[in-house]
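Everything on this sheet refers to the single structure shown next.
Only the coordinates and a few stated rules stand behind these numbers; no lab work does. Because the structure is a prediction, the values reported are computed rather than measured. As a convention, Cβ positions derive from the backbone with ideal geometry for all residues, glycine included, and neighbour counts pool all protein chains shown.
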């Protein structure tokens, strides 16, 4: 068998990688252990959230599928951080997990260049330093020019529930044992991480009257530019909390939790801590939130977000039964922790290709990340870069001031990670430029130029761009006069005009609010030019234009800072630059040689590389370019 | 691309002017062979003053002392030759040209120091302090540059930066974990930190003012009505006949300056046209200049003629002025006033003591305090202050954390650049551009 690209794994990274490569016209074989589990949400039934929602929007702007699948499976949409500024608001959707996997599988199956093979890859075949294919455990050889490994938590994975240990990557699914060895043979160093899940309970055993209902937004906002409207019925989630009884119980039984008994030695995520971790680390907190999330429209289970645990079953029962609303809940599946191998990502280039092995790309949890969105984003970039390699073109590397995806990959390949890496807005120093409402302007042209954007997305992004331009022009040009009608209409906004001014000026007033403004506009004939454009545009588009005007001062500050940093950080370090120099300590040289930074900025982010060392490298580069100039 | 071989550079290390002696430096792999080609012995001793008769193709050039350094034991870390020749610009020029003819090139400004940095002999902060030392105008300034080299400024700035990071971490937490129900910091607490940091920055900025006094000296303007004796006072202060003294009121029409050291700092005294209404146009322009100079001055002396019966109101430009009564040999000063007589010299010692105290109290940095010595550092601290005021405004207006954080990060980077914790090519260029060729 022969394909252009082989994708190992059918999770969120594998799906995006396969979609991107087949969309660009290359033949793709996805090899997965279980065909049914392609696109499965193995942990919480939700997509997006703070910073993660940004990733999903970026994926959508680059032609990825995660946003589309979410819109087709979403049963509760909510923009988080509404009280904060627009750049850090993150969309999130609760999904029906069965519909989600079905949507992913449907999208992939529509790609003419896509094939699905059920099997387990034993090793990657090489010729010298080039990938030539993969060999399956049953001996089948598949040849290809690029391999994208997206094996998630399945490398030498071990599940822990209390004192019980089971070999396997996910409940009821086998572990991929051979590949780890194959990666070791390539000289890659592997680390070990752990992640965990909370217990699931039967939906009909919960008492919702004891919990606080958590509704979604009134008007669900789709993730994908392809979606006009969310079709599925929208449901409620619930919130409840743990209490002192459960905390005491957990404290008394810590010795039975694998993370504390020493049974698991790998590092877990500090950011998505297990309930055992929370009780130990936030000892003074009397309660911890528990979000009760349906797993689907008709799914029999509830997901207890916030109480991830690997304690033994009897303790899990007691803890769950102490939570208001879950006193007589029946646990359908106990929480467990998974321990797995990951490849230390500093061994990758920013294209996600393994340094020194042409054609081998890694994406997703195998690189030490956590979360569907992080995995999908890497899968997409690895898929695009496998295509660029096969085309003989430059890899696509997004800058830190261009996308959260750029931040994530730069962090991984430059700094590595000691715990499962999760995206946060705090990781993105240029986040004011990276709001969800600007992804199509920022990223779609790039994807379109490289042939990764479908026709419909191209059409819609172009339309959106035109409309946004027309709207911001109209807001600049349409002027209000301080007459009686105007001030009457503006009264609900708490604004009264003393002199004429454009709508843009109005938007910049502190008291301005978009919903009140939209209401004031209704039937206001002098403003028809504005209202007619707004009627065509999506809520997100209008937000984008208004926010750009409203926060222009901060955005410009951010842009100036980004430009300043770019001139600083953009300085390229030649591939064959020697770091062994007087003045640079052996330790620093070792780190630089391990990461081989491409730019001064990347060098400055390597842990342990001091500002003084960066100064020296800059001076060496300057001296070098000066003497080259003289030689000319 | 391989590293191009290090080349050899040459430059005079002393100013090109007629003087007793001048020094020329040669740095790089050819340094030793070039000096030997110019007549130095083959077995030129290391780190010793060696007498050499320099010979060129046109004949003998000069009798000089050569000191030879061998890499890495030199200021730059490379092979280095220092030639002390006679201080004629012609000899220095010919010598440099001969060295260039033998394969060296003219050094760029600061290139010797840059080479020292590249070879790990100095770090950038030390290089900057060396630049400040070279440019010092008083011994006090030199001492303070050295104290910064020892880390006084870095320690202060480090404390502000640590507190900013404390705030940043909490505001970031509030953004990242908005849904968890934790309170990371209250507005009041954030405000308190910002106010404390602003106070610290203000006191650093205050040292910048003092630092500027050290660097550029102070100005003291003598103001007063016509014929109060301003020019006579200037002459007394400066010990010369710089200003024309005549009994005709309004003789001084333009500003006259003279510099003397007071309280360890260079102080430039400025004599001005007398302030009165009426008079010629030229005089009016002079009066305008006088007031303008006073508003920019570090010190103002308001001179009042104690023999003049109607004492005037002091103009607003001179509100904080040192009040001095002149001509006390004719009529005694009011009991609270500082009286002098230029003719008899009475009161001048008291005036000197007063000036000395003013300079020390207001402009001389206290012992052991950090000091912002150069313009780059002053700009960074002001940028940090501006950003923090913006952040404070953001908190008081209830802006969302990510906007406030923009300003906090800006403040924190400015302070990082101040101490060298953040490096940038801009900073490097600025540091080395303060050097002249040959340093």
Using alpha-carbon positions, the gyration tensor of segment A:1-77 gives root eigenvalues a ≥ b ≥ c; with a/c under 1.5 called rounded, otherwise prolate if a/b exceeds b/c, else oblate, the class is oblate
Using 0.36 nm per residue of separation minus the Cα-Cα distance, give me the extension gain between residue B:55 and residue B:386 in nm, one decimal. 113.1 nm
Long-range share for segment B:1-121, i.e. C-alpha pairs more than 18 Å apart as a percent of all pairs, stands at 48 percent
Neighbour-count ranking for A:369, A:227 (other C-beta within 10 angstrom, fewest to most) reads A:227, A:369
Is there a simple number for the mean count of other chain Cβ atoms within 10 Å of the Cβ of residues in B:115-124, and what is it? 4
Please state the relative contact order of chain A as a whole percent: Cα pairs under 8 Å, 6+ residues apart? 16 percent
Among B:308, B:62, which comes first, then next, by fewest other beta-carbon atoms within 10 Å? B:308, B:62
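Decide, for segment A:357-443, between rounded, prolate and oblate: order the square roots of the alpha carbon gyration tensor eigenvalues as a ≥ b ≥ c, take rounded if a/c falls under 1.5, and otherwise choose prolate if a/b is larger than b/c, else oblate.
Oblate, because a/c is 1.5 or more while a/b does not exceed b/c.
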By the mean-Cβ-within-10 Å protection proxy, highest first, A:68-78, B:216-226, A:554-564 rank as A:68-78, B:216-226, A:554-564
Once the convex hull of the C-alpha atoms of segment A:141-245 is built, how many Å³ does it hold per residue, rounded to a whole number? 266 Å³
Relative to the compact-globule estimate 2.2 N^0.38 Å (N residues), the Cα gyration radius of segment A:547-632 stands at a ratio of 1.37
Relative contact order %, segment A:514-632, counting alpha carbon pairs below 8 Å whose residues are six or more apart: 18 percent
Let me have the 222 nm mean residue ellipticity of chain A computed from DSSP H runs of 4+ only, each contributing -39500 (n - 2.57), with the sum over all residues rounded to the nearest 500. -11500 deg cm²/dmol
Between residue A:37 and residue A:190, take the C-beta separation as r, use R0 = 30 Å, and let me know the FRET efficiency to the nearest 0.05. 0.80
Peptides A:602-612, A:581-591 ordered by average Cβ neighbours within 10 Å, highest first: A:602-612, A:581-591
Within a 10 angstrom radius of the beta carbon, how do B:99, B:260 rank from fewest other beta carbons to most? B:260, B:99
Which whole number gives the average count of other chain Cβ atoms within 10 Å of the Cβ atoms across peptide A:43-50? 1
Past the 60 angstrom mark, what percentage of all C-alpha to C-alpha distances in the protein assembly as shown do you count? 29 percent
Enter the mean number of other protein chain beta carbons within 10 Å of the beta carbon of each residue in A:621-629, as an integer. 4
Per-selection Rg to Rh, chain A - Cα, Kirkwood hydrodynamic radius: 0.99
